[in-house]
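Please read the structure below before turning to the comments.
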Amino acid sequence: MRLIITFCLFLWIESLGAQSDSVHLNEVIITATKTERSIGTVPMPVSVIKAKIINQSGSSRLQDILNEQNGLNVVAQINGFGNGIQMQGLNPDYTMILLDGEPVIGRLTGNLELNRVTLANVKKIEIIKGPSSSLYGSEALGGVINIITKSPLQNQLEIGLKYATNNTQDVSLNSNWNHANLNISLFGNHYRTSGFDFHPDIYGQTVSPYYNSTLQFQIKQDWNGKHLLMLNAKAFREVQENNYQVVNSLDSIRVFGTTQINDYSISPQYKLKIGERAFINFTNYGSIYQAYTYLNQNASGLAYYTDSFEQRLFKPEIQASCFFNTNQKYTIGAGLAFEGVKTNRYDDNKFRKQHTDYLYIQHEFSWKHKIEWVNGIRFDMNPVYGNQWSPKTAIQWTLKPAFKLKASFGTGFKAPDFRYLYLNFRNAAAGYFVYGTSELKSELELLEQKGEIQQYLYDVNSIGKLFPEKSIAVNFGAQYDFHNKAQFEFNLFRNDLKNLIETQAVAVTKDLKTIYSYSNIKKAYTQGIEGSIRFKITKAIQAELNSQILYAKDKEVIQLIEDGLVFGRDPVTKVSYRISKSDYFGLYNRSRHTESIKLFYENSKSNWNASFRIIYKSKFGISNTAGSVQGNIRPSSDINSNAILDRYDHFVSGYLLCNVSVSKLLFSKLKIQAGADNLFNYTDPDRIPNLFGRNLYITINYKLIKN
């Protein structure tokens with residue numbers, strides 16, 4: 001119904017005799033094909049968030065801007081520690097996040113903490129939906145998000161200051177020096193917050209105070225347009241002061257300590273242009289991520305908990321592209337990925353290593369500006385999970401200049417990483433344990449012998465060897481431009497998944513700690529439709545409407561329900577009843593409906609800008625969590641104890657977020673902005689811990705440019 005109403009609005013816009021300003025620009029993007037293409041010629045589902053929109057929205061961290069995008073959903077990690085991005089209903093594990101084309105590492109429990117990435121020096125964000133393993137390999141099963149930083153051609157100095165709720169301070173310095181064909185950029189950012197507390201009556205805060213600093217350096221030298229030498233380097237450091245109350249069955253313990261995160265990367269690159277139709281690109285990327293937590297008991301000062309995690313990635317790659325004529329382009333690439341992980345979450349605390357050799361080939365074909373066709377395939381060789389083929393094809397047909405059809409078909413894969421197999425993580429401070437499938441049974445037997453298991457939440461015998469996750473995906477969409485006054489887009493998608501790995505709550509201990517592991521859902525699917533329209537109400541006001549309908553279900557559960565083998569149990573009467581297909585809601589952490597309305601105001605004469613954004617997410621279920629989380633007792637969400645999400649279970653209610661901002665540019669150099677995120681102060685402390693309430697802020701930016 002929502003999409004029908006929206007489409008009727010599109011037809012109304014068709015009849016408007018409004019302004020002639022185009023609302024669509026042929027932005028050049030790279031991520032979709034690893035080569036430069038106009039966004040109007042890309043046959044895959046793709047979107048671009050430009051710096052202008054980021055600035056108008058007032059967003060300063062990656063999580064803030066992604067949560068407002070159609071088809072994307074920010075979800076909290078286990079017990080609320082860290083946030084990841086969900087795309088087309090697929091878990092955060094399956095979305096590869098790149099920074100200037102290179103992967104960001106540091107997924108402790110699958111999610112990649114989005115607040116690590118500042119937006120103060122971001123030029124644009126490219127989002128590719130659907131399997132992208134044909135170019136990027138594992139972790140790109142669901143799609144790719146590429147954050148591209150600024151590299152201006154002028155000499156400039158920009159200073160930004162932001163102050164927000166919870167004593168949050170965000171300071172940035174962006175400088176660039178350009179002389180002849182030499183360009184040097186230096187960026188620094190410092191972020192600090194006092195955190196927040198949902199439960200003042202419990203010792204400690206929901207999120208403890210922390211600060212982080214980012215330093216990024218880039219140098220580029222271009223010789224006559226034929227040789228380009230570039231070096232990117234980045235350093236990130238975060239420190240958090242922790243205070244927790246750990247609840248046990250007989251007592252509670254107060255602890256204190258610190259968490260420190262270090263993230264370093266370097267990427268030298270050389271690009272050689274051969275004639276007018278070919279180039280070769282060499283990159284050599286290296287990255288190190290470290291996370292350490294040390295906690296002591298308040299009363300005695302003795303060590304209570306220690307956690308260490310280190311990941312390393314070294315990835316050399318060569319890529320060559322060639323135009324045989326104006327209609328055809330070939331790209332071939334090859335590389336190696338060496339990865340190592342060391343953590344006390346594995347019993348031996350030694351570096352576990354693996355390497356992947358890969359080769360990819362891509363063909364791009366264009367015919368009379370009517371047909372754009374891209375075909376590609378990648379072959380990954382890994383001694384741990386074997387060889388993987390990842391083909392993909394995508395086509396765009398321009399029926400007339402204003403109307404385009406798009407279709408794509410591809411496969412993706414996600415290899416089980418180290419944590420799925422060997423993780424042995426006891427986070428007593430947060431009140432949960434996580435065991436890899438190779439460790440689970442022996443650890444449960446040990447706890448059983450000690451008499452520490454209170455309740456099993458899942459059949460442990462069904463958890464065993466993990467297999468690589470695979471996906472076959474189809475996307476079909478259309479784009480229509482209404483006389484350069486508005487643009488309508490929709491995309492139908494279907495992802496059929498095999499061996500999907502999901503976090504699984506297994507048991508609860510007598511001191512109310514939840515035990516998690518991992519299991520393959522042998523067959524599952526996500527499917528739905530995304531629609532959006534962008535149009536100008538007046539010359540100064542642009543509007544955007546977005547909607548997504550999503551269905552995500554386990555095929556095996558559906559089959560068991562059809563066979564009449566799934567039951568629920570009334571928690572009061574203890575009477576069992578059979579679950580029907582209509583009772584089964586689907587996979588956890590996925591809203592059926594997501595909508596957004598955005599209004600942007602820009603007056604170039606008075607230099608006033610404003611934005612008004614409303615995001616709605618319908619109800620969703622969370623995986624069965626029970627026990628103590630930082631001293632707060634959570635009840636079980638699986639009310640009828642059948643380990644699936646059905647209509648009898650506890651759901652997180654649908655909610656609405658409203659974000660507003662207004663800014664004024666003074667003297668062409670000084671910009672002052674004020675705004676509020678989550679204006680209506682919506683909170684759900686136990687189920688959505690990443691929403692702390694209303695966030696008020698003021699930002700000052702000063703830019704000095706010298707040509």
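The values are calculated or read from the model by the stated rules, or taken from the named source; none is laboratory data. All values derive from a computational prediction rather than experimental measurement. Heads up, the Cβs are rebuilt from the backbone with ideal geometry, glycines too, and the neighbour counts pull from every protein chain shown.
Go through the stretch 631-670 and report how many residues are touching a helix residue (DSSP H, G or I) at 6+ places or on another chain (Cβ under 8 Å) and either closer than 28 Å to Ile202 by Cα or not β-branched (Val, Ile, Thr) (or both). Talk me through it step by step, then tell me what you get.
Within the stretch 631-670, the subset touching a helix residue (DSSP H, G or I) at 6+ places or on another chain (Cβ under 8 Å) is 644, 659, 661, 663.
In the following step, the residues that additionally are either closer than 28 Å to Ile202 by Cα or not β-branched (Val, Ile, Thr) (or both) were identified as 659, 661, 663.
The total comes to 3.
Please state which of the following conditions Asn79 fails to meet, knowing it meets all the rest: (1) crowded, with 16+ Cβ neighbours inside 10 Å; (2) at pLDDT 80 or above; (3) more than 24 Å from Ser185 (Cβ to Cβ); (4) of a type in the set (S, T, N, Q).
The one condition Asn79 does not meet is (2).
Could you please find all residues in the stretch 440-473 being under 30 Å from Pro383 (Cα atoms), out of contact with any Leu (no Cβ under 7 Å at 6 or more places or on another chain) and acidic (Asp, Glu)?
Of everything in the stretch 440-473, just one residue is under 30 Å from Pro383 (Cα atoms), out of contact with any Leu (no Cβ under 7 Å at 6 or more places or on another chain) and acidic (Asp, Glu), namely Glu443.
Filtering the stretch 666-688 down to residues that are touching a residue at least 40 places away in the same chain (Cβ under 8 Å) and hydrophobic (A, V, I, L, M, F, W, C), which residue is surrounded by the fewest Cβ atoms within 10 Å (Cβ to Cβ)?
Leu666
Working carefully through the options Tyr577, Tyr601, Tyr551, Tyr588, find the one that is of a type in the set (Phe, Trp, Tyr), closer than 26 Å to Ile639 by Cα and over 27 Å from the mean Cα position of the chain (by Cα). Please lay out each step first, then the result.
Numbers: Tyr601 fails: closer than 26 Å to Ile639 by Cα; Tyr551 fails: over 27 Å from the mean Cα position of the chain (by Cα); Tyr588 fails: over 27 Å from the mean Cα position of the chain (by Cα).
That would be Tyr577, the only listed residue that is of a type in the set (Phe, Trp, Tyr), closer than 26 Å to Ile639 by Cα and over 27 Å from the mean Cα position of the chain (by Cα).
Are there any strands (runs of 3 or more DSSP E) wholly within the stretch 421-482 with 2 or more residues that are modelled with pLDDT under 80 and of a type in the set (S, T, N, Q), and if so which?
Numbers: elements: 424-427, 432-435, 453-456, 469-482.
Where strands (runs of 3 or more DSSP E) fall fully within the stretch 421-482 and carry at least 2 residues being modelled with pLDDT under 80 and of a type in the set (S, T, N, Q), they are 424-427.
Go through the stretch 82-103 and give me each residue that's buried (at least 24 other Cβ atoms within 10 Å of the Cβ) and not in a strand (DSSP E or B).
Gln88, Gly89, Asn91, Pro92, Asp93, Tyr94
When only residues in the stretch 24-52 that are surrounded by fewer than 19 Cβ atoms within 10 Å (Cβ to Cβ), aliphatic (A, V, I, L, M) and touching a helix residue (DSSP H, G or I) at 6+ places or on another chain (Cβ under 9 Å) count, which is farthest from Ile371 (Cα to Cα)?
Val48
Would you mind stating whether Ala291 is of a type outside the set (Val, Ile, Thr), under 33 Å from the mean Cα position of the chain (by Cα), surrounded by fewer than 18 Cβ atoms within 10 Å (Cβ to Cβ) and not in a loop (DSSP other than H, G, I, E, B)?
For Ala291, the condition - of a type outside the set (Val, Ile, Thr), under 33 Å from the mean Cα position of the chain (by Cα), surrounded by fewer than 18 Cβ atoms within 10 Å (Cβ to Cβ) and not in a loop (DSSP other than H, G, I, E, B) - is not met.
Output the number of residues of the stretch 317-362 satisfying the condition of being in a strand (DSSP E or B), surrounded by fewer than 14 Cβ atoms within 10 Å (Cβ to Cβ), modelled with pLDDT under 90 and touching a strand residue (DSSP E or B) at 6+ places or on another chain (Cβ under 9 Å).
Matching residues across the stretch 317-362 total 2.
For the stretch 689-705, what are the residues that are under 11 Å from Asp170 (Cα atoms) and either surrounded by fewer than 19 Cβ atoms within 10 Å (Cβ to Cβ) or of a type outside the set (Ser, Thr, Tyr) (or both)?
The initial filter retains those residues of the stretch 689-705 that are under 11 Å from Asp170 (Cα atoms), namely 697-700.
Residues satisfying the conditions are Tyr697, Ile698, Ile700.
Of all residues being over 29 Å from Arg687 (Cα atoms) and among the charged types (D, E, K, R) in the stretch 199-242, which is surrounded by the most Cβ atoms within 10 Å (Cβ to Cβ)? Just the residue, please.
Within the stretch 199-242, the subset over 29 Å from Arg687 (Cα atoms) is 213-236.
In the following step, the residues that additionally are among the charged types (D, E, K, R) were identified as 220, 222, 226, 234.
Numbers: Lys220: 17, Asp222: 15, Lys226: 12, Lys234: 21.
Looking at residues that are over 29 Å from Arg687 (Cα atoms) and among the charged types (D, E, K, R), I get Lys234.
So which of Tyr244, Tyr203, Tyr264, Tyr211 ends up being closer than 30 Å to Asn166 by Cα, outside any strand (DSSP E or B) and hydroxyl-bearing (Ser, Thr, Tyr)? If you could, list the steps in order and put the result at the bottom.
Working: Tyr244 fails: outside any strand (DSSP E or B); Tyr264 fails: outside any strand (DSSP E or B); Tyr211 fails: outside any strand (DSSP E or B).
So the residue among Tyr244, Tyr203, Tyr264, Tyr211 that is closer than 30 Å to Asn166 by Cα, outside any strand (DSSP E or B) and hydroxyl-bearing (Ser, Thr, Tyr) is Tyr203.
For residues that are touching a Lys or Arg at 6+ places or on another chain (Cβ under 7 Å) and more than 30 Å from Arg613 (Cα to Cα), scanning just the stretch 524-561, find the one that is surrounded by the most Cβ atoms within 10 Å (Cβ to Cβ).
Looking at residues that are touching a Lys or Arg at 6+ places or on another chain (Cβ under 7 Å) and more than 30 Å from Arg613 (Cα to Cα), I get Ala524.
Any residue in the stretch 624-641 that is of a type outside the set (Gly, Ala, Ser), at pLDDT 90 or above and within 27 Å of Phe196 (Cβ to Cβ)? Steps first, please.
Within the stretch 624-641, the subset of a type outside the set (Gly, Ala, Ser) is 624-625, 629-630, 632-635, 638-640.
Subset that is at pLDDT 90 or above: none.
No; the residues of the stretch 624-641 include none that is of a type outside the set (Gly, Ala, Ser), at pLDDT 90 or above and within 27 Å of Phe196 (Cβ to Cβ).
How many of the residues making up the stretch 451-485 are aliphatic (A, V, I, L, M) and in contact with an Asp or Glu (Cβ under 8 Å, 6 or more places away or on another chain)? Talk me through it step by step, then tell me what you get.
The initial filter retains those residues of the stretch 451-485 that are aliphatic (A, V, I, L, M), namely 453, 457, 460, 463, 466, 472-474, 478.
Cutting the leftovers down to in contact with an Asp or Glu (Cβ under 8 Å, 6 or more places away or on another chain) gives us 457, 472-473, 478.
Residues flagged as aliphatic (A, V, I, L, M) and in contact with an Asp or Glu (Cβ under 8 Å, 6 or more places away or on another chain) within the stretch 451-485 amount to 4.
Looking only at residues that are among the polar types (S, T, N, Q) and closer than 23 Å to Glu452 by Cα in the stretch 490-518, which one is surrounded by the most Cβ atoms within 10 Å (Cβ to Cβ)? If you could, list the steps in order and put the result at the bottom.
Kept after step one, since they are among the polar types (S, T, N, Q), are these residues of the stretch 490-518: 491, 495, 499, 503-504, 509, 514, 517.
Still in the running and closer than 23 Å to Glu452 by Cα: 503-504, 509, 514, 517.
Details: Thr503: 20, Gln504: 22, Thr509: 21, Thr514: 26, Ser517: 24.
Filtering first and then ranking leaves Thr514.
In this structure, does Ser438 turn out to be surrounded by fewer than 20 Cβ atoms within 10 Å (Cβ to Cβ), touching a helix residue (DSSP H, G or I) at 6+ places or on another chain (Cβ under 8 Å) and within 30 Å of Lys498 (Cβ to Cβ)? Outline the logic, then answer.
Details: surrounded by fewer than 20 Cβ atoms within 10 Å (Cβ to Cβ): yes; touching a helix residue (DSSP H, G or I) at 6+ places or on another chain (Cβ under 8 Å): yes; within 30 Å of Lys498 (Cβ to Cβ): yes.
In short, yes.
Residue-by-condition table, conditions (1) within 18 Å of Leu99 (Cβ to Cβ); (2) free of Cβ contacts under 8 Å to residues at least 12 places away in the same chain; (3) among the small types (Gly, Ala, Ser); (4) touching a Phe, Trp or Tyr at 6+ places or on another chain (Cβ under 9 Å):
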site	(1), (2), (3), (4)
Ser172	yes, no, yes, yes
Met230	yes, no, no, yes
Glu241	no, no, no, yes
Gln260	no, no, no, yes
Ile266	yes, no, no, yes
Lys273	no, no, no, yes
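Please tell me if Ser175 is among the small types (Gly, Ala, Ser), touching a strand residue (DSSP E or B) at 6+ places or on another chain (Cβ under 6 Å), closer than 25 Å to Lys50 by Cβ and crowded, with 21+ Cβ neighbours inside 10 Å. So that I can check it myself, show each step before the final result.
Details: among the small types (Gly, Ala, Ser): yes; touching a strand residue (DSSP E or B) at 6+ places or on another chain (Cβ under 6 Å): yes; closer than 25 Å to Lys50 by Cβ: yes; crowded, with 21+ Cβ neighbours inside 10 Å: no.
No; evaluated as a whole, the condition is false for this residue.
State which residue is surrounded by the fewest Cβ atoms within 10 Å (Cβ to Cβ) when the search covers only the stretch 603-623 and only residues that are at pLDDT 90 or above and among the aliphatic types (A, V, I, L, M).
Among residues in the stretch 603-623 that are at pLDDT 90 or above and among the aliphatic types (A, V, I, L, M), the one surrounded by the fewest Cβ atoms within 10 Å (Cβ to Cβ) is Ile614.
From the residues in the stretch 376-407 that are touching a residue at least 40 places away in the same chain (Cβ under 8 Å) and of a type in the set (Phe, Trp, Tyr), which one is surrounded by the most Cβ atoms within 10 Å (Cβ to Cβ)?
Only one residue fits best here, namely Tyr385.
Collect the residues in the stretch 634-661 that are under 27 Å from the mean Cα position of the chain (by Cα) and among the hydrophobic types (A, V, I, L, M, F, W, C), keeping them in residue-number order.
Ala643, Ile644, Leu645, Phe651, Val652, Leu656, Leu657, Cys658, Val660
Among the residues of the stretch 129-145, count how many are over 12 Å from the mean Cα position of the chain (by Cα) and outside any loop (DSSP other than H, G, I, E, B). Reasoning before the result, please.
Residues of the stretch 129-145 that are over 12 Å from the mean Cα position of the chain (by Cα), as a first pass: 130-138, 141.
Then drop every residue that is not outside any loop (DSSP other than H, G, I, E, B), which leaves 133-136.
Within the stretch 129-145, residues that are over 12 Å from the mean Cα position of the chain (by Cα) and outside any loop (DSSP other than H, G, I, E, B) number 4.
Only one of (1) assigned to a strand (DSSP E or B); (2) without any contact (Cβ under 8 Å) to a residue 40 or more places away in the chain is not met by Trp373, so which one is it?
It is condition (2) that Trp373 fails.
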